[in-house]
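Visitor: Here's a structure for you.
The values are calculated or read from the model by the stated rules, or taken from the named source; none is laboratory data. The structure presented is a predicted model; accordingly, all values stated were derived computationally and were not measured. Here the Cβ positions follow ideal geometry from the backbone for every residue, glycine too, while neighbour counts run over all protein chains shown. For accessibility, only protein heavy atoms count, side chains too; no ligands or nucleic acids. Shrake-Rupley method; radii C 1.70, N 1.55, O 1.52, S 1.80 Å.
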There are 4 protein chains.
Amino acid sequence: MALADVTIIPLGTGTPSVSKYVAATIKALRRGKDIKYEITAMGTTIEGDLDRILAVVREMHEETFTQGVARVVTIIKIDDRRDKESSIGGKVESLKAVIARSVSDKAI
Amino acid sequence: MALADVTIIPLGTGTPSVSKYVAATIKALRRGKDIKYEITAMGTTIEGDLDRILAVVREMHEETFTQGVARVVTIIKIDDRRDKESSIGGKVESLKAVIARSVSDKAI
Amino acid sequence: MALADVTIIPLGTGTPSVSKYVAATIKALRRGKDIKYEITAMGTTIEGDLDRILAVVREMHEETFTQGVARVVTIIKIDDRRDKESSIGGKVESLKAVIARSVSDKAI
Amino acid sequence: MALADVTIIPLGTGTPSVSKYVAATIKALRRGKDIKYEITAMGTTIEGDLDRILAVVREMHEETFTQGVARVVTIIKIDDRRDKESSIGGKVESLKAVIARSVSDKAI
């Protein structure tokens, strides 16, 4: 299981608001039954098999052209760790635990 | 107010787990009183004045060297919109509303 | 034809120098006969059919695990323009021409 | 000395071609006397003191608003190595030498 963050940016849209295009990509993402996702303020985080993640990002990217956009910049950041299981929730919880521990170490 | 997503990657650490370094950057971030932040699975989202965001990211980056790392790759993605107010929570809510609306349009 | 920039970052390597891992990814890239590439100081730029680009980046990413790394962060930035042909050389030349023109406009 | 790659993406421009905006950012970059830069197909690579790099990227980003754009996405990737000197040319040459060596090793 890998994690990925994807940002899809339509260019030349005529208006600075691009939420309708981003919404269309999320609907493409929802068709992927075997992956989990989370919408964040700066992109969409996807959890799943890496080949499936890349396939679904490819569909999200293509969906933006279907919406009438002529140029799309898509940024994918993959975090692939093979020595232990990774998940969206697990990674955030694990980091918060390290932060909490290091704060209480300082207090001693 | 701008939004930014920052990912700080220490290289050559000897172990694939880098949470202690990331935790140190979050502590540097917490010293910035005039910015808001949210930890995500793939990075940290920061909301605030753009000059303050860049200053705090600079401190987070430097903190990683203080922890004994010799090479750091830092990725900053800035979303700066001047035609309306932006916030971490507002952006996610606004996108979710567009998604919900487009789903119900389809249902009609 | 799309353009993409790929950065492959091995984590936990024990030394800040990662050129042997990057060299291995370039050899994986060279096996892709139907794509062009250019090594830059900050990544590798690839030109070709988008599906082929994603397939070759997938191989580059996997090659890093074959080299014994347990965690890999891969960043892909795709620029896909459907209203006109794009190429690595053409894009740089076109931008330099716009810069030159705007400089001489100022001089008049 | 650090290296950074910057990509500045204006949103809502009405046309997929954004070279006039990118050209304006390059002119802002040229005013930075103490940094080196190279235009690539996917962004601009900058070499110099990290504080100077961030200051000049800040100016490039701001320049895009001066050109009448209401929303700008700017992506900065910093590679900061403190155990040895880094330069745009040196990094590419060093990587190419490792690739050449590993190819001739295979041939033996």
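Visitor: Only one of C:Val98, C:Val22, C:Val57, C:Val69 is without any contact (Cβ under 8 Å) to a residue 40 or more places away in the chain, hydrophobic (A, V, I, L, M, F, W, C) and under 30 Å from A:Thr45 (Cβ atoms). Can you tell me which?
Guide: Unique residue meeting the criteria: C:Val22.
Visitor: Against the conditions (1) within 15 Å of the chain's Cα centre (by Cα); (2) small (Gly, Ala, Ser); (3) at pLDDT 95 or above, where does B:Gly32 fall short? Just the number, please.
Guide: The one condition B:Gly32 does not meet is (3).
Visitor: Being crowded, with 20+ Cβ neighbours inside 10 Å, within 20 Å of A:Val73 (Cβ to Cβ), of a type in the set (Val, Ile, Thr) and within 11 Å of the chain's Cα centre (by Cα) is true for just one of D:Ile39, D:Ile53, D:Ile8. Which residue is that?
Guide: D:Ile8
Visitor: Ok, one more. Taking only region C:18-35 into account, find how many residues are in a loop (DSSP other than H, G, I, E, B) and under 23 Å from B:Gly68 (Cα atoms).
Guide: 1
Visitor: Tell me whether region B:77-87 contains one or more residues that are under 22 Å from D:Pro10 (Cβ atoms) and within 14 Å of chain C (Cβ to nearest Cβ).
Guide: Scanning region B:77-87 turns up at least one residue that is under 22 Å from D:Pro10 (Cβ atoms) and within 14 Å of chain C (Cβ to nearest Cβ).
The rows are residues; the columns are (1) touching a helix residue (DSSP H, G or I) at 6+ places or on another chain (Cβ under 6 Å); (2) at pLDDT below 95; (3) open to solvent by less than 70 Å² (accessible area, probe 1.4 Å); (4) not in a loop (DSSP other than H, G, I, E, B).
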| residue | (1), (2), (3), (4) |
| --- | --- |
| B:Pro16 | no, no, yes, no |
| B:Thr45 | yes, no, yes, yes |
| B:Val57 | no, no, yes, yes |
| B:Glu63 | yes, no, yes, yes |
| B:Val69 | no, no, yes, no |
| B:Ala100 | no, yes, yes, yes |
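Visitor: When only residues in region A:18-36 that are of a type in the set (A, V, I, L, M, F, W, C) and at the interface with another protein chain (Cβ under 9 Å from one of its Cβ atoms) count, which is most open to solvent (accessible area, probe 1.4 Å)?
Guide: Step by step, filter region A:18-36, then rank; the result is A:Val22.
Visitor: Considering only region A:72-98, state which residues are more than 20 Å from the chain's Cα centre (by Cα) and either crowded, with 17+ Cβ neighbours inside 10 Å or within 23 Å of C:Asp79 (Cβ to Cβ) (or both).
Guide: If the condition is that a residue be more than 20 Å from the chain's Cα centre (by Cα) and either crowded, with 17+ Cβ neighbours inside 10 Å or within 23 Å of C:Asp79 (Cβ to Cβ) (or both), then A:Val98 is the only one that fits.
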